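**Q** Take this structure first; my questions come after.
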Amino acid sequence: NKLPSIIKKKNDIHKLYHSKLDSIKEKLTHIYLDKRTVPVWWFTSFLTKKKNDLKSYLLKNNIQTREFFRPLNLQKCYGKYKTDGNFNVSQNVYDQGISLPSSFNLSTEQQDYIINIILEYYDRSS
């Protein structure tokens with residue numbers, strides 16, 4: 001019975017991040033979404049060339065982020081399998097991907113704080 005309200009809240013979190021951070025979309029890129037899909041936003045994630053610096057800045061402001069999942073070709077459990085090929089796409093997404101706080105319990109005030117710190121970071125680093 002709780003699922004519809006959880007999905008709505010997750011979608012609201014995602015929409016707020018995107019609407020408020022749209023002004024810096026050349027620095028914080030939206031994740032590609034195929035128009036044929038209807039996602040449930042477990043996390044709201046972005047790509048940025050300054051991932052580690054942004055992550056550190058957020059942590060200094062008591063904001064935790066999450067890394068993207070390590071690409072399969074880099075996971076130890078698959079190390080015994082020889083993988084020939086180019087994995088530039090998965091490597092670039094991993095290197096640039098950052099997931100922002102997206103808990104169902106995240107309040108609008110907390111999310112506004114996160115958004116303001118991100119905007120402050122990009123204003124500072126411009």
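The values are calculated or read from the model by the stated rules, or taken from the named source; none is laboratory data. What you are looking at is a predicted structure, and each value in this text was computed from that prediction instead of being measured. In this analysis, Cβ positions are derived from the backbone assuming ideal geometry, glycine residues included, and neighbour counts consider all displayed protein chains. For the accessible areas, the whole protein counts, side chains as well, though only heavy atoms, and no ligand, DNA or RNA atoms are used. Shrake-Rupley method; radii C 1.70, N 1.55, O 1.52, S 1.80 Å.
**Q** What single numbered condition from (1) at pLDDT 95 or above; (2) surrounded by fewer than 14 Cβ atoms within 10 Å (Cβ to Cβ); (3) of a type in the set (A, V, I, L, M) fails to hold for LEU100?
**A** Going through (1) at pLDDT 95 or above; (2) surrounded by fewer than 14 Cβ atoms within 10 Å (Cβ to Cβ); (3) of a type in the set (A, V, I, L, M) one by one, LEU100 breaks only (2).
**Q** Do you know which residues across segment 65-77 are surrounded by 11 or more Cβ atoms within 10 Å (Cβ to Cβ) and either of a type in the set (Asp, Glu) or out of contact with any strand residue (DSSP E or B) (no Cβ under 7 Å at 6 or more places or on another chain) (or both)?
**A** If the condition is that a residue be surrounded by 11 or more Cβ atoms within 10 Å (Cβ to Cβ) and either of a type in the set (Asp, Glu) or out of contact with any strand residue (DSSP E or B) (no Cβ under 7 Å at 6 or more places or on another chain) (or both), then GLU67, PHE69, ARG70, PRO71, LEU72, ASN73, LEU74 are the ones that fit.
**Q** Filter segment 83-97 for residues that are part of a loop (DSSP other than H, G, I, E, B) and open to solvent by 80 Å² or more (accessible area, probe 1.4 Å); which is farthest from LYS55 (Cα to Cα)?
**A** ASP84
**Q** Does LEU119 satisfy the condition of being among the aliphatic types (A, V, I, L, M) and either in contact (Cβ under 8 Å) with a residue 60 or more places away in the chain or outside any loop (DSSP other than H, G, I, E, B) (or both)?
**A** In short, yes.
**Q** Further question: Of all residues in segment 103-126, which are of a type in the set (Asp, Glu) and open to solvent by 80 Å² or more (accessible area, probe 1.4 Å)?
**A** GLU109, GLU120, ASP123 - these are the residues of segment 103-126 that are of a type in the set (Asp, Glu) and open to solvent by 80 Å² or more (accessible area, probe 1.4 Å).
**Q** With touching a residue at least 24 places away in the same chain (Cβ under 8 Å), loosely packed, with under 14 Cβ neighbours inside 10 Å and assigned to a loop (DSSP other than H, G, I, E, B) as the only criterion, which of LYS49, LYS80 stands out?
**A** That would be LYS49, the only listed residue that is touching a residue at least 24 places away in the same chain (Cβ under 8 Å), loosely packed, with under 14 Cβ neighbours inside 10 Å and assigned to a loop (DSSP other than H, G, I, E, B).
**Q** Those residues that are of a type outside the set (A, V, I, L, M), open to solvent by 70 Å² or more (accessible area, probe 1.4 Å) and part of a helix (DSSP H, G or I), I need them from segment 52-62; list them, please.
**A** ASN52, ASP53, LYS60
**Q** What pairs come out if I take residues in segment 15-39 that are surrounded by 14 or more Cβ atoms within 10 Å (Cβ to Cβ) and pair them with residues that are in a helix (DSSP H, G or I) and not β-branched (Val, Ile, Thr) whose C-beta lies under 6 Å away, six or more apart or interchain?
**A** Sorted first by the residue in segment 15-39, then by its partner, the pairs are LEU16/GLN111; ILE24/TYR122; LYS27/TYR122; LEU28/LEU21.
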